[in-house]
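To start, the structure itself, in structure tokens.
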Amino acid sequence: MPGGGPGSRRAHSGEPPVVTRQVTARFGMYGLLAVVGLLGGLALGRPEMVAVGAPAVLILGIGLLSADLPPPRVSISSDRERAIEGELIDLEILLSADRPVPRLFVSVHLPHGLVAQHIDPGQRTEGDPSIDLAAPLTGTERLIRLPVSCDRWGTYRTVVVKLFATDFFGLYRYELVTSHVIGLKVFPVEKLLAQLLEPVETQLGLGELLSRRRGGGLEFAELRSFTPGDDRRLINWRASARRRGLWVNEHHPDRNSDVVLLIDSSRSSRGTDEEILDLVVGAAASLASGHLGRRDRVGLIMLGGRLVWMRPRMASAQRYQILDALTESRMFRSPEATFVARVPYRALPAQALIVGVSPLLDPAAVAAFGELRGRGFDMALIEIASEELTPPPGNEAGRLARRIWLLERDRIRRRFTGSGVAMARWNPQDPFDYALGEVASLRRSMMRSGR
């Protein structure tokens, strides 16, 4: 479970509040009553009118003397710094003031992707939701716990809090706006994959993959005649008795592999851009979790507006570092950003399996994948079928442009498959396992044919 217990809770006090004060309609009402009562009573000689206007004058005088309301202080803390998509967290809003504030209202503006639980799902908006809470300070402190659902992965840094308060008589309305840093990271859901990809060549580390080479292991490979220096424990006595000579068993050693996830996080002007990024990040998180669970060394290269690369490593620490990098991918994306496509040589170890996930919409990304294949790396590519996310155009010119675009994408696929890259299209309506299984089947057939 990501995150920590109460010991890892971080409280962040916001920036100095910006306080604005406005006169309410009640101030004008009391002022009108005081003027009409006093002036009208003196002009008409009616003491009862003066008796009606005198309390209004007294209220205005007390309100003017107590107009300087000390701004309440706000601090926000969360019960964890990391969460998984779909989990609940608690935001704790601590309000404090030098004196009681009987009329205090709190408006919390959450970033898109965090949803307060008491909001009706049918009333959620596409923008930043606002939660209004009545929070009178009868004392000097009050703690408000706000349950929040992490509906979308990503990095959430700030929460805007607005405080609305009025004085005792309601003559003035005070508004305080503060911005607070929470530093919350929501990881994408890691789905369990039925199968994983196997490299052409394994590494020397111990793992769950059967190496093509012969060596110490548990999986039987073949029989061969005994040679001086062989371990006697490997002698197959039954075969030796039938063949009138000493024969030994050879095994396939259990090894691991180096897997580098090559992620295309570039941004285009298409309306399905955010949906494609969700698919790319979800697939990368599932692949990283699956290969690390198989004791493979997993690395990450993220192409786009900023180059992110991590050398292959093992253990759970590598998993969290990869998830951290994936959750921050949305922060560095811009249609105007220059695509960083040059992959450092140090980021790709020898005999590593490169697994690419991309919609292949950016020509720079297509060139980057082709350049890596040209350098002789073992490579598999999963293409996100972005055309399945957009409906076909209604006019004839749009349909013709779409057909040309689909032909161009088909040309790109033939180019990759012709160079020996096992490639499959992933329809977002189908599970990711379908596309991964197709790539695994293609790789097995290529290995048998020697490609």
Checklist outcome for this item: Matching residues in region 399-434 (of a type in the set (S, T, Y) and under 33 Å from the mean Cα position of the chain (by Cα)) number 2
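Quick one: how many residues across region 86-105 are of a type in the set (V, I, T) and either at pLDDT 80 or above or not assigned by TED's automatic domain parsing to the domain that holds L143 (or both)?
Going residue by residue through region 86-105, those that are of a type in the set (V, I, T) are 89, 93, 101.
From the residues that got through so far, the ones that are either at pLDDT 80 or above or not assigned by TED's automatic domain parsing to the domain that holds L143 (or both) too are 89, 93.
Of the residues in that region, 2 qualify.
Here is a check on your reading of the model: is V186 under 30 Å from R152 (Cα atoms), β-branched (V, I, T), modelled with pLDDT of 75 or more and in contact with a Phe, Trp or Tyr (Cβ under 6 Å, 6 or more places away or on another chain)?
Yes, satisfied.
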Checklist entry - G61: at pLDDT 70 or above and out of contact with any Gly (no Cβ under 9 Å at 6 or more places or on another chain), yes or no? => result yes
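Could you tell me whether region 65-73 includes any residue that is surrounded by 16 or more Cβ atoms within 10 Å (Cβ to Cβ), modelled with pLDDT under 85 and under 30 Å from R152 (Cβ atoms)? If you could, list the steps in order and put the result at the bottom.
Step one: of region 65-73, the residues surrounded by 16 or more Cβ atoms within 10 Å (Cβ to Cβ) are 69, 71-73.
Retained after the next criterion (residues that are modelled with pLDDT under 85): 69, 71-73.
Going one step further and asking which of them are under 30 Å from R152 (Cβ atoms), we end up with none.
No, the conditions are met nowhere in region 65-73.
Can you find, within region 209-244, the residue that is modelled with the lowest pLDDT among those that are of a type outside the set (D, E, K, R) and in a strand (DSSP E or B)? Please lay out each step first, then the result.
Kept after step one, since they are of a type outside the set (D, E, K, R), are these residues of region 209-244: 209-211, 215-218, 220-221, 223, 225-229, 234-237, 239-241.
Right, trim to in a strand (DSSP E or B) and you get 209-210, 215, 220-221, 223, 225, 235.
Working: L209: 52, L210: 48, G215: 60, F220: 58, A221: 59, L223: 68, S225: 75, I235: 71.
Ranking the qualifying residues of region 209-244, first place goes to L210.
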Checklist entry - Would you call V35 in the same structural domain as S77 (by TED's automatic domain parsing) and either in a helix (DSSP H, G or I) or at pLDDT 60 or above (or both)? => result no
Next on the checklist: Residues to consider are L381, L400, L407, L436; find the one that is without any contact (Cβ under 8 Å) to a residue 60 or more places away in the chain and touching a strand residue (DSSP E or B) at 6+ places or on another chain (Cβ under 9 Å).
Outcome noted: L381
Next on the checklist: Here is a check on your reading of the model: is R415 in contact (Cβ under 8 Å) with a residue 24 or more places away in the chain, more than 30 Å from E190 (Cβ to Cβ) and part of a helix (DSSP H, G or I)?
Outcome noted: yes
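Can we say V200 is at pLDDT below 80 and touching a helix residue (DSSP H, G or I) at 6+ places or on another chain (Cβ under 8 Å)?
Values: at pLDDT below 80: yes; touching a helix residue (DSSP H, G or I) at 6+ places or on another chain (Cβ under 8 Å): yes.
Yes.
Please enumerate the residues belonging to region 275-309 that are free of Cβ contacts under 8 Å to residues at least 24 places away in the same chain and more than 23 Å from A194 (Cβ to Cβ). Before you say what the answer is, go through the steps one by one.
Applying the first criterion (free of Cβ contacts under 8 Å to residues at least 24 places away in the same chain) to region 275-309 yields 293, 308.
V308, the sole residue that qualifies.
Just need a number here: residues in region 38-64 that are surrounded by 13 or more Cβ atoms within 10 Å (Cβ to Cβ) and part of a loop (DSSP other than H, G, I, E, B).
First, pick out the residues of region 38-64 that are surrounded by 13 or more Cβ atoms within 10 Å (Cβ to Cβ): 38-42, 46, 49-50, 52-57, 59-60, 62-63.
Applying the additional criterion that residues be part of a loop (DSSP other than H, G, I, E, B) yields 46.
Residues flagged as surrounded by 13 or more Cβ atoms within 10 Å (Cβ to Cβ) and part of a loop (DSSP other than H, G, I, E, B) within region 38-64 amount to 1.
The values are calculated or read from the model by the stated rules, or taken from the named source; none is laboratory data. All values reported here derive from a predicted model rather than from experimental measurement. Glycine also receives a Cβ, built like all others from the backbone with ideal geometry; neighbour counts cover every protein chain displayed.
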